[in-house]
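Q: Dropping a structure here in structure tokens format, bear with me for questions.
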Amino acid sequence: RTRASIHIAEMNEEETTASFLNHEAEALLHFDEAMAAIPLEHKQDYLTAVEHDLVPTETDPLRYLKYAGFNAWDAAQRMCTYWQRRVFWFKERAFLPLRLENGALDMKDRLVLQSGYPVILPPTADGKPVILFDRSKLISNVDPVARNRAVWYGCHLMSLYDRAQEDEGVIFLVNLVQPRLPPVDQLFVTRSMWFLDNGIIPIKIKPHMLCSLPLTMSRNEKLTNNIIECISFYMRPTSGLCPDLHFYNHMGEGFLHALMGVGLKKEGIPTFAGGTWSFESVASWLNCQALRELKVDEQQRQRRLSGKTDAKSGALYQTREERKTKNAIHSRNKRERRKRELDQLKSEHEQLKEANELLKTEHACLERLWKKAKQFDLATEQLKLV
């Protein structure tokens, strides 16, 4: 009976997996249909990204579908907006891979990341990604566009985690209040929150605001209300986002207890909050991340080359997910091409229809003039006979 129960459990698991894969495949088909229905002028940047083979790796449709609750139309619109805004921020580098080396990020962007704003922390015990925004690490004379691109890159890395599209799936730590911190950059914060409010980067965040008050200052209702009012002002684009506020009169164990309650591990909590993670590890993390990205890029390049070499012999091994993704991309590209051709034919049809209407109008006008001329000739002949 034990073997039988194990066998039944395995069969149920296989059926569940197959059902989930079928659900994803169906959702991708609906996504393709929704994308095909979006006007060409609104998805031109997305189509360019498809041509550069960036969509499967950087804006996986399944992530957008999960974020949108498998609403295909909503997911397709968000992805089109993503590529429009990416072109706005990254300009001519928008269609390079979003990576640290030889990609969309330039030297200014990397300098912002090296300063430690933002920085990726180790995930929580239950696998939620964590990103830290420590305002004490802001560089005053940095290019604000480079700062926004650095935040974009950090949020992009968050979106690659499996739990990023779940409710409160990404932990945002913000070192908001500290003695001698610079004033809040209103425009920068508003633009950064716009990324999140519109879901163009598919992550669902839970902000935690760390407020470390001077020893001489006590937390009172007026101070709390002022900070909440400030947060509400800067985060007003993000409807429904409710940050948690953590107040303490000194750095250390107070924050540590609160953050460990959220699920962070001590080695993933910064030293200023009582943990063991240090900003000294930022440089080594960036180097490791750059090597990981180059390794992934090399694997993808080798896979493409192997696919070309072994296409005839069929020697290339593909998993079910890889075949499904390739088929979906091929079908999407084919539908997009047909849609463009159909739109062009419709445009030509409308132009020919308008020309035909003009010719008909001109023909009717000439016919009336011909009838009047004929009547005039007949009247002239009758006058001559009289």
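Q: Looking at the stretch 39-70, which of its residues are within 14 Å of residue 333 (Cα to Cα) and not in a helix (DSSP H, G or I)?
A: 43, 52, 53, 54 - these are the residues of the stretch 39-70 that are within 14 Å of residue 333 (Cα to Cα) and not in a helix (DSSP H, G or I).
Q: Consider only pairs whose beta carbons are under 8 Å apart and that are at least six residues apart or on different chains; among these, list those whose first residue lies in the stretch 59-81 and is without any contact (Cβ under 8 Å) to a residue 12 or more places away in the chain and whose second residue is not in a loop (DSSP other than H, G, I, E, B).
A: Here the result reads 71/65, each pair linking the stretch 59-81 to a residue that is not in a loop (DSSP other than H, G, I, E, B).
Q: Of everything in the stretch 76-132 that's of a type in the set (D, E, K, R) and not in a helix (DSSP H, G or I), which residue is surrounded by the fewest Cβ atoms within 10 Å (Cβ to Cβ)?
A: The qualifying residue surrounded by the fewest Cβ atoms within 10 Å (Cβ to Cβ) is 126.
Q: Of the residues 161, 153, only one is among the hydroxyl-bearing types (Ser, Thr, Tyr), open to solvent by 10 Å² or more (accessible area, probe 1.4 Å), out of contact with any Phe, Trp or Tyr (no Cβ under 8 Å at 6 or more places or on another chain) and modelled with pLDDT of 90 or more; which?
A: So the residue among 161, 153 that is among the hydroxyl-bearing types (Ser, Thr, Tyr), open to solvent by 10 Å² or more (accessible area, probe 1.4 Å), out of contact with any Phe, Trp or Tyr (no Cβ under 8 Å at 6 or more places or on another chain) and modelled with pLDDT of 90 or more is 161.
Q: Restricting the search to the stretch 137-150, which residues are touching a residue at least 60 places away in the same chain (Cβ under 8 Å) and either within 25 Å of residue 271 (Cβ to Cβ) or open to solvent by 50 Å² or more (accessible area, probe 1.4 Å) (or both)?
A: Scanning the stretch 137-150 gives a single hit, 137.
The values are calculated or read from the model by the stated rules, or taken from the named source; none is laboratory data. Predicted, not measured: the structure shown is a model, and the values here were computed from it. All Cβ positions, even for glycine, are placed from backbone atoms using ideal geometry, and neighbour counts span all protein chains on display. Protein only, heavy atoms only, side chains kept; ligands, DNA and RNA dropped before computing areas. Shrake-Rupley method; radii C 1.70, N 1.55, O 1.52, S 1.80 Å.
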